[in-house]
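*Asks:* Following this message is one structure expressed as structure tokens.
The values are calculated or read from the model by the stated rules, or taken from the named source; none is laboratory data. Everything numeric in this text was worked out from a predicted model, so none of it was measured. With ideal geometry, Cβ positions are generated from the backbone for all residues, glycine too; neighbour counts draw on all protein chains shown.
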Amino acid sequence: MFELGRWIIRKLILGIGGALVLLAALAGYNVVRFYMFLLPSEEVVFDSGGVPIAGTLVLPDADGVFPAILMIHGSGPDTGADPGYRAEANVLARRGFAVLIYAKRGTGKSGGDFATANYSDFIDDALAALRFLDGRADIGSIGLYGHSEGGWFTPEIANRFGDIAFIINKSAAPLSWIDTVIWEVRNDLLAEGATPEELEVLLPLTRARWEYVVAAARDPATAESMRAPLQQRIEAARAAIPDADGLVADLPAPDGERIAWLAERYAYDPAPHLAAVHVPMLYVYGETDINVPVGECVAFLDRFRADGGNDVTVRVFGGVGHSMTTWRGMFQMLHAPGYLRLVGDWAEAHR
């Protein structure tokens, strides 16, 4: 009986070991398939107002003139090396697209200072990338792909460049900066244990602080009249709510470069550019996104489509959040099942 038990245990260990080896091999295959650039690629540098921006251009394994897609980053010091960008670039290149991924200014091999860069700089860099692509003999039509923060900018970039084939936006809000980020702050506060009563104080106060900054940048004299009553609300919140100091710091003086820098972000709104752009657009969301208010975004895009007859496709994937990844997609570099196929099919249909 003892020998039988040992035999059973040995077989179980061998079986589990074999299964783990198989899973590791499959995972390794998919890492290579999605993360490594096995197709032709070029390391490129283009100029953006005197700032060198470095990137990688992935090309289909063929000769000819290709439609191209410019990938525009999310927030943060993004070098474009994230596996998510690479997986999507590989999928699109296999569909016949040239795909340009670049490092944000001040990151990777790109020049400039990320810490002092603002939205206008990032938009100018994307426009420089489009001019670079447009100047190549092997590039035809060009589409835009915007992730998160980058998807705020795609309508303005398309509007200013004037010759864009389509826009794909992933986890990107068509709403203003304030309407979007207040959702993120709400979820952060809930995660930190804020009560509904505290949210009723902190969220309107946070919005008022942002609106004060925007007003101060536009007209310091007008903002000065807002300052005293708003400061009183801040001090009352600090007295009533534990740990409120970090969120409701003192108001900055209504002048100076810092106010202008912050206001450029706080005042950003893609809606006017959306109204001016008439190209096919795909917006894709994860149902459980805590950074973007998916319900509000979908409602906005539904109204936008109905009011203007715009060609807008909206898809929401269940069980995933802002990154659109899940362990269920382990053989698709963790992307939600069906997401990469959707992006590839839609891009091909609109090339």
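*Asks:* All but one of (1) closer than 21 Å to Phe97 by Cβ; (2) part of a helix (DSSP H, G or I); (3) acidic (Asp, Glu) hold for Glu200, so report the exception by its number.
*Replies:* For Glu200, the failing item is (1).
*Asks:* Filter the stretch 82-100 for residues that are at pLDDT 90 or above, crowded, with 21+ Cβ neighbours inside 10 Å and among the small types (Gly, Ala, Ser) and give the result.
*Replies:* Within the stretch 82-100, Ala89, Ala93, Ala98 qualify.
*Asks:* Select from the stretch 100-137 the residues that are over 18 Å from the mean Cα position of the chain (by Cα) and hydroxyl-bearing (Ser, Thr, Tyr) and write down the one among them that is farthest from Asp82 (Cα to Cα).
*Replies:* Only one residue fits best here, namely Thr116.
*Asks:* Could you check the stretch 247-267 and list, in sequence order, the residues that are farther than 13 Å from Arg207 by Cα, within 27 Å of the chain's Cα centre (by Cα) and of a type outside the set (A, V, I, L, M, F, W, C)?
*Replies:* Selection gives Glu257, Arg258, Glu264, Arg265.
*Asks:* A follow-up question, please. Looking at the stretch 180-188, is at least one residue in a helix (DSSP H, G or I) and over 30 Å from Ala215 (Cα atoms)? I'd like the intermediate steps shown before the answer.
*Replies:* Looking only at the stretch 180-188, we keep the residues that are in a helix (DSSP H, G or I), and these are 180-188.
Of the ones still in play, those that are also over 30 Å from Ala215 (Cα atoms) are none.
The answer is no; no qualifying residue exists.
*Asks:* For the stretch 247-261, indicate whether the set of residues that are in a helix (DSSP H, G or I), touching a helix residue (DSSP H, G or I) at 6+ places or on another chain (Cβ under 7 Å) and among the hydrophobic types (A, V, I, L, M, F, W, C) is non-empty. Explain how you work it out, then say what you get.
*Replies:* From the stretch 247-261, those in a helix (DSSP H, G or I) are 257-261; that's our starting set.
The next check asks that each one be touching a helix residue (DSSP H, G or I) at 6+ places or on another chain (Cβ under 7 Å); those that pass are 259-260.
From the residues that got through so far, the ones that are among the hydrophobic types (A, V, I, L, M, F, W, C) too are 259-260.
So far as the stretch 247-261 goes, yes, one or more of its residues are in a helix (DSSP H, G or I), touching a helix residue (DSSP H, G or I) at 6+ places or on another chain (Cβ under 7 Å) and among the hydrophobic types (A, V, I, L, M, F, W, C).
*Asks:* For the subset of the stretch 48-64 comprising residues that are among the aliphatic types (A, V, I, L, M) and either farther than 15 Å from Gly143 by Cβ or not assigned by TED's automatic domain parsing to the domain that holds Gly143 (or both), which member is surrounded by the most Cβ atoms within 10 Å (Cβ to Cβ)?
*Replies:* Initially, the stretch 48-64 is screened for residues among the aliphatic types (A, V, I, L, M), giving 51, 53-54, 57-59, 62.
Subset that is either farther than 15 Å from Gly143 by Cβ or not assigned by TED's automatic domain parsing to the domain that holds Gly143 (or both): 51, 53-54, 59, 62.
On the way: Val51: 18, Ile53: 25, Ala54: 18, Leu59: 21, Ala62: 9.
Going through the qualifying residues, I end up with Ile53.
*Asks:* Test Ser176 against the criterion of being within 22 Å of the chain's Cα centre (by Cα), of a type in the set (Ser, Thr, Tyr) and surrounded by fewer than 18 Cβ atoms within 10 Å (Cβ to Cβ), and give yes or no. Spell out how you get there, then give the answer.
*Replies:* Values: within 22 Å of the chain's Cα centre (by Cα): yes; of a type in the set (Ser, Thr, Tyr): yes; surrounded by fewer than 18 Cβ atoms within 10 Å (Cβ to Cβ): yes.
Here the answer is yes, as Ser176 does meet what is asked.
*Asks:* Can I ask one more? Any residue at all in the stretch 183-204 that is touching a Pro at 6+ places or on another chain (Cβ under 6 Å), buried (at least 19 other Cβ atoms within 10 Å of the Cβ), under 24 Å from Asp269 (Cβ atoms) and not assigned by TED's automatic domain parsing to the domain that holds Ile123? First the steps, then the outcome.
*Replies:* Residues of the stretch 183-204 touching a Pro at 6+ places or on another chain (Cβ under 6 Å): 183.
Narrowing further to those that are buried (at least 19 other Cβ atoms within 10 Å of the Cβ): 183.
Those still in the list that are under 24 Å from Asp269 (Cβ atoms) too: 183.
Retained after the next criterion (residues that are not assigned by TED's automatic domain parsing to the domain that holds Ile123): 183.
Within the stretch 183-204, one or more residues are touching a Pro at 6+ places or on another chain (Cβ under 6 Å), buried (at least 19 other Cβ atoms within 10 Å of the Cβ), under 24 Å from Asp269 (Cβ atoms) and not assigned by TED's automatic domain parsing to the domain that holds Ile123.
*Asks:* Another question about this same structure. With the structure loaded, tell me whether Gly84 is in contact with a strand residue (DSSP E or B) (Cβ under 9 Å, 6 or more places away or on another chain) and in a loop (DSSP other than H, G, I, E, B) or whether it fails that test.
*Replies:* Values: in contact with a strand residue (DSSP E or B) (Cβ under 9 Å, 6 or more places away or on another chain): yes; in a loop (DSSP other than H, G, I, E, B): no.
Judged against the criteria, Gly84 is not a match.
*Asks:* From Ala306, Ala336, which residue is crowded, with 16+ Cβ neighbours inside 10 Å and either at positive phi or assigned by TED's automatic domain parsing to the domain that holds Phe161 (or both)? Before the answer, list the steps.
*Replies:* Numbers: Ala306 fails: crowded, with 16+ Cβ neighbours inside 10 Å.
After applying the criteria, what remains is Ala336.
Listed here are the residues, each with its yes/no results for (1) more than 33 Å from the chain's Cα centre (by Cα); (2) acidic (Asp, Glu).
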| residue | (1), (2) |
| --- | --- |
| Glu197 | no, yes |
| Leu203 | no, no |
| Arg207 | no, no |
| Ala221 | yes, no |
| Gln231 | yes, no |
